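Once you've had a glance at the structure underneath, I'll fire off some questions.
The values are calculated or read from the model by the stated rules, or taken from the named source; none is laboratory data. Everything quoted here is computed from the prediction, not taken from an experiment. Cβ atoms come from the backbone with ideal geometry, glycine included; neighbour counts cover every protein chain shown. What goes into the accessible areas is simple: the full protein's heavy atoms, side chains included, and nothing from ligands, DNA or RNA. Shrake-Rupley method; radii C 1.70, N 1.55, O 1.52, S 1.80 Å.
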Amino acid sequence: MDEEIAAPDRSSVDTLALAIARNMLSGNGDALREQMSAAARSAAAPSALAEYLRLAVVPLAPYQNVHVAHTYQIDVTGGRNPLPKMTCGRSLADPDAVALSMLANPRQFHVEVTAHTINNDWSIFIWLIPEDGVLKALSVQFDATAISGRTSAALRALAIEQAARGHHVNAVLLYRAAESIAGRGPNAIPVWKQDLDKEVRGLQMPPELSGGLEGTWRFANQTFSASDVGVLGVGGDLNLVIVRRTDRWTDDRTVDADNRSFVTTILKDHPALADSFASILVRAMKPDGSGGLATGYEFGKGFLQHPARSSATVVQRR
């Protein structure tokens, strides 16, 4: 790991990983495909890769401080595929210890490249394998690692604090946010994530959310349907984003009034949401999913004056 790898090998591997990451972040799908293995190219059609980069990666730019965070080398001396994951790190308690996929190849590498955008931090985990004597990317995984500067571990700590104060709705939402940025894909699993997953599985949902975070919510004897919940980072703050399902669509004024009623009802039962979030954004989506309307509420200031039309894309948990 890192400095334990021979300097010439590490330098060439890191240079390649940075080139792959920069092609991904800039949306250069053609160059990225040239750096992928045959198996990776067959799994991702050019059009699908281009669409993913266009919708999920490029809009988040500009990316800053793009650099290699960690490099892991695996040497396999025997065995046949499939092989179990290999845990790489200085110890199991090392926060950078990761369980990594491996093939029955003599030498392979995993490299984590990290980057920063205005509100979040990101990881590009790249698995490099030899192919015809040249290292190629078997997988390239893109994930958020921090929301407004808060890592998964920091969000978990906030969730534990809110649970200790009896703010169980806050705790569930913060745990959900912590889990949403804990993953690094199927080929690189942080060792510490096991503890987080166990805690999340053991969570007792508050009665108001007994229908699940994507289900029926009951506040102040009123019932609402949510189809997605996420935490959005803006300017160092955490903001709660809730996507509402609607059975019918009338006009913008009526939908905005329903959104406001939704927020008012929740806050009546849970004013402590202000302890964890700077604002609440409710997106009501049309029954056919073709679009919707967003209503914002900022703690300390009240509802934003004008609702905004919302696209058909629901909130991303990352």
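Would you mind computing, in nm to one decimal, how far apart the modelled labels at SER12 and ASP197 are, each placed 7 Å from Cα along Cα→Cβ?
For SER12 paired with ASP197, the spin-label model returns 3.5 nm.
Which residues' amide hydrogens lie under 5 Å from the amide hydrogen of GLU131, considering only partners 5 or more residues apart or on another chain, with H built in the peptide plane?
Close amide H contacts, sequence-distant or interchain: LYS136.
Net charge near ALA6, counting Lys/Arg +1 and Asp/Glu -1 over other residues with Cβ under 13 Å of its Cβ?
Counting the neighbours of ALA6, the net charge comes to -4.
Please find the FRET efficiency linking SER47 to LEU213, where r is the Cβ-Cβ separation and R0 is fixed at 35 Å, and quote it to the nearest 0.05.
Computed FRET efficiency for SER47 and LEU213 comes out at 0.60.
Taking a ≥ b ≥ c as the square roots of the Cα gyration tensor eigenvalues, with a/c under 1.5 meaning rounded and otherwise prolate when a/b beats b/c, else oblate, which class fits the range 1-58?
Prolate, since a/c reaches 1.5 and a/b exceeds b/c.
For the chain, find the longest principal axis of its Cα atoms and tell me its angle to the long axis of helix 7-26, 0 to 90°, nearest 10.
Approximately 40 degrees, to the nearest ten.
How large is the direction-averaged shadow of the alpha-carbon convex hull of the range 105-214, in nm²?
Taking the Cα atoms of the range 105-214, their convex hull projects to 8.8 nm² on average.
Quick one, can you get me the convex hull of the C-alpha atoms of the range 60-108 expressed as volume per residue in Å³?
125 Å³
How fast does the chain diffuse by Stokes-Einstein, in µm²/s, taking the Kirkwood radius from C-alpha pairs at 4 °C and 1.567 mPa s?
Result for D is 60 µm²/s.
Related question: Tally Lys and Arg at +1 and Asp and Glu at -1 over the other residues with C-beta under 14 Å from the C-beta of GLY300: what net charge comes out?
It works out to a net charge of -2.
Mind checking the dipole of the range 138-218: about its Cα centre, +1 per Lys or Arg Cβ, -1 per Asp or Glu Cβ, Debye to the nearest 20?
60 debye
Could you estimate the translational diffusion coefficient of the range 1-140 from the Stokes-Einstein equation, with Rh from the Kirkwood formula over C-alpha pairs, at 4 °C and 1.567 mPa s, in whole µm²/s?
82 µm²/s
Over the range 12-113, with every protein chain in place, what whole percent of the accessible area is carbon and sulfur at 1.4 Å, could you tell me?
56 percent
What order do you get for 194-205, 62-73 when each peptide is scored by the mean count of other beta carbon atoms within 10 Å, highest first?
The packing order, highest mean first, is 62-73, 194-205.
For a label point 7 angstrom out from the Cα of ALA56 toward its Cβ, which stretches of the range 175-199 have the backbone nitrogen within less than 11 Å?
The answer is 185.
What does the charge add up to near ASP258, with Lys and Arg as +1, Asp and Glu as -1, over the other residues with Cβ less than 15 Å from its Cβ?
+3
Shape call for the range 148-306 from the C-alpha gyration tensor, a ≥ b ≥ c root eigenvalues: rounded (a/c under 1.5), prolate (a/b greater than b/c) or oblate?
Prolate, because a/c is 1.5 or more and a/b exceeds b/c.
Further question: Quick one: accessible area per residue over the range 69-193, 1.4 Å probe, rounded to a whole number of Å²?
Value for the range 69-193: 42 Å² per residue.
Further, regarding this structure: On a 0 to 90° scale, report how tilted helix 252-269 is relative to the longest principal axis of the chain, with both axes built from alpha carbons and the result rounded to the nearest 10.
Tilt relative to the chain: about 90 degrees.
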